[in-house]
1. After finding the eigenvalues of the alpha carbon gyration tensor for the chain, what semi-axes result from the square roots of 5 times each, listed largest first in whole Å?
2. Would you mind telling me the antiparallel percentage of the DSSP bridges in the stretch 216-351, rounded to 5?
3. So what is the relative contact order of the chain, in percent, for Cα pairs below 8 Å that sit 6 or more residues apart?
4. Counting only DSSP beta bridges with both residues in the stretch 2-365, what percent are antiparallel, rounded to the nearest 5?
5. What is the angle, in °, between the Cα long axis of helix 353-365 and the longest principal axis of the Cα atoms in the chain? Nearest 10 is fine, range 0 to 90.
6. Quick one: Cα convex hull volume of the stretch 243-383, Å³ per residue?
7. Over the stretch 137-272, what is the mean sequence separation of C-alpha contacts under 8 Å (at least six apart), divided by residue count, expressed as relative contact order in percent?
8. Could you let me know the centre-to-centre spacing of the stretch 173-225 and the stretch 255-296, using Cα atoms, in angstrom?
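Just so it is clear, none of the values below were taken in a lab; they were calculated from the coordinates. On a predicted model such as this, the values are computed, not experimentally measured, just so you know. Backbone-built Cβ (ideal geometry, glycine too); neighbour counts: all protein chains shown.
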C-alpha cells in the first residue's frame, strides 16, 4: 500500500509538469525504520519517492555504558537501507539519560570518543548533529546553578567543542551541526517543573563561555534549531514572544548567534553558518483511527491545516539562503498519543494530505525561491526600545522598555549640559540612575531634578543590549519640571 500511494503521488507531480529534481533541503527526523523487519527499506523508499533527501536518526550515548554503541545491530541494517534508497543519513547524537548527566557520570571526553567511534564505524555518514535541546531539562540537567545563573550552556559547550574536534580528527569533511536548540524555555530556576532556558538566553550564555574558554576553533559548521509551534493549533506566522522563537522568529535566532559569536573564530550566518531546522512538526488529531492508543496529549490541528503549513514551510525555507535543511519530526506517526503524531504517514501506512503537499512544494522549490528571498542583517541598536519622559515635582519620571534584556542608564541635567557628554562623565557630574530591565517589561526610573534647573530638565538615556553591549540606543530629551 505504501509503495502504491507513493507512486501515485509522484505520478501526479509528473503529470502536472513539475521538475523531477527534488529539493535538497527537506527530510524527516525518524528512526522508526530501524525497527522494521526490512530495516526501514520500504519507508525510506517512500520518503525518497516524495522527494525527501535525508533522514535524521538519533543515536544516544549512555554515560554508564560508554563503550557500547546503543542499538548498533539496528543501525547496522537501517543506515545501508536509507543510503540504498538515495537518502543522506544524518546521525543526531546526544548523552542520555539526563539523570546520569546530572550525577556527573558523563564527561566531554567520553562523549567525544563515543561519537568518534560511531563515525569510524559508519564512514558513509558525513553529517552529525551534536546535542538535542540542551536548554530543556528532559535532555540536560542542571539548567541553573545555585545562584540562579545558567550553567547548561557552558557545560554543553564543552561537549560540543570536544566532539567537534573528535569528529574532525576522524574525517575533516564531516559536517558538525551544533546544539539542536529547543524553541522555548521559561528561564525560571524556581519553576515547579520544566526548569528550562530560552533559546536566546542559552545562546548568550554559550557565547559568553566560548569567548572566555580560549578556544580558537569553531564549535560547529551549522546550527541546529527546532522551530516547533508553541501550540499545534498555531498558524505558521504565530511565533513566540521574546526570548523564545519559532520559524517566523528566525531573525531573533540569527541575531542571538551574531551577538554571541561575531568577531570570534565561530562563524555566524553572515560568515556562512547555515541553519539546520532538524525537527519541526504540527500534531494532528487521530481520533477514531485504528491502532492509536491513549488520549491526545496536546490540542491538535487537522490534516488539511497541517498540509498547508508544511507546504508553506518548504517554500519559505527555500527563500531563506541561511536555511540549509528542514526535517519534519516523524515521517511515520508514533502509535501512542502520548508521543508525537505529526508525520506524513499515518500509523496504518496511508499517507496524509501533507505528503502530497510536501512533494509538490519540494518540486516547486527545486527551481528556486518563488516568493522573494529574505536577507537578514544584524541589528546595531536595542530591539524595541521605548523611552517616555514625564515631569514630576521636582523629579523626572522615565518609563523604559525594550524587546530584549537591557541595561539602562538615565541621567538628568540642566538643558544643554548633557548633549555631547560621554556617559562615564555624565555619571560623575550629574544625577544618574542605573537599572537592569528584562525584555518586554516596563520599568520606571525616577531621577531628581538637578539643582539650578528652573523650568526644564534635560534627560539622557542609554540602553545597552545584554546580549551584546555594543548594541546601544541613546535618547536625549527635554521635559518641563514643576517646583
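1. On the way: eigenvalues 450, 132, 81 Å².
Working through the eigenvalues yields semi-axes of 47, 26, 20 Å.
2. Numbers: 1 of 11 bridges.
Once the DSSP bridges in the stretch 216-351 are tallied, antiparallel ones form about 10 percent.
3. Working: 1080 pairs, mean separation 60.4, N = 483.
13 percent.
4. On the way: 2 of 39 bridges.
Given both bridge residues lie in the stretch 2-365, the antiparallel proportion sits at roughly 5 percent.
5. With rounding to tens, the tilt is 70 degrees.
6. On the way: hull volume 18.7 nm³, N = 141.
Considering the Cα atoms of the stretch 243-383, their hull volume per residue is 132 Å³.
7. Values: 192 pairs, mean separation 33.1, N = 136.
Relative contact order of the stretch 137-272: 24 percent.
8. That distance is 13 Å.
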